[in-house]
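Student: Mind looking over this structure? Questions follow.
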Amino acid sequence: MSAQSIFDHASLGAIIRFSDGTPRPPERHRRKLQAWERNNNTGRLVKKQAGATVDNTPIPASFTLHVGDFGSKAVVVLRVFRTFSVKSTLDFTVIERPAAGSVLVLDRPGDAGELVHVAEDRQVAEEWLSRHGYPNAVLHEVTADEAADRGEGRAA
C-alpha cells in the first residue's frame, strides 16, 4: 500500500513494514545489507503530521516510525526514527495493530502528540507514566473498532 494510505488509515501504535522491493543481500555483504535495511525495515507508527505551506513552498503530509533503540544494560542511548512523506515511493504494509483495550501514551494533547509508549491497560500506562515524567501526557484507550482490520494493507 502507499504512504498516503498509511497516513490516511493506519492508527498510531501500528507496526508498519516498509520496502523498496529489492531482494535482501547475503549476510556476508555487510555494507550492502546495511544499505538495504535503510529502505526495508519495520517500525511503530508514532506520529502523523499534516501538510503545510511555508513561504509558498508546499510541505506534504508525513508520518514517523520508531525503528529501534540502541544502548546497553536497559539504558537507551539513541532512538532511531524514520519520517516518510506521503509521496514516498516505498511500499508499506500494516503488520500489527494495537490490541483493543491497550492504552497509547501520547506526549501531548492534540494533533501534534507523539506516541511514546503502548501499554497493556490503563493501570500499566499510568505506572509507566509515573516513572517517565511526561507532564502533558494523554492516555488513549484503543477501541475494538480502531483495532479491527480495516483493509489497511495486510498481506494476503
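Since every read-out is calculated from the coordinates, none of them should be taken as a lab result. Keep in mind it's a predicted model, so treat the numbers as computed, not measured. Cβ coordinates were reconstructed from backbone atoms using ideal geometry, including for glycine residues, and neighbour counts include every protein chain displayed.
Student: Working only within segment 17-47, note down all residues that are in contact (Cβ under 8 Å) with a residue 40 or more places away in the chain and touching a helix residue (DSSP H, G or I) at 6+ places or on another chain (Cβ under 6 Å).
Tutor: D20
Student: Which members of segment 79-102 meet the condition of being of a type in the set (A, V, I, L, M, F, W, C) and part of a strand (DSSP E or B)? Full working, then the answer.
Tutor: Filtering segment 79-102 for residues of a type in the set (A, V, I, L, M, F, W, C) gives 80-81, 84, 86, 90, 92, 94-95, 99-100.
Within segment 79-102, V80, F81, F84, F92, V94, I95 meet the criteria.
Student: Now for a separate question. Look at T53 and say whether it is surrounded by fewer than 14 Cβ atoms within 10 Å (Cβ to Cβ), farther than 25 Å from A148 by Cβ and touching a residue at least 12 places away in the same chain (Cβ under 8 Å).
Tutor: So T53 does not fit the description; no.
Student: How many residues does segment 103-134 contain that are part of a loop (DSSP other than H, G, I, E, B) and within 21 Å of A52 (Cβ to Cβ)?
Tutor: Of the residues in segment 103-134, 8 are part of a loop (DSSP other than H, G, I, E, B) and within 21 Å of A52 (Cβ to Cβ).
Student: To continue, here is another question. Do you know which residues across segment 56-78 are outside any loop (DSSP other than H, G, I, E, B), of a type outside the set (F, W, Y), surrounded by 12 or more Cβ atoms within 10 Å (Cβ to Cβ) and under 15 Å from the mean Cα position of the chain (by Cα)?
Tutor: Residues satisfying the conditions are S62, T64, L65, H66, V67, G68.
Student: A further question follows. Any residue in segment 96-114 that is under 22 Å from A148 (Cβ atoms) sitting within a Cβ distance under 8 Å of a residue that is among the hydroxyl-bearing types (S, T, Y)? List the pairs, counting only those 6 or more apart or interchain.
Tutor: If the second residue must be among the hydroxyl-bearing types (S, T, Y), the pairs left are R97/S11; P98/S11; A100/T143; V105/Y134.
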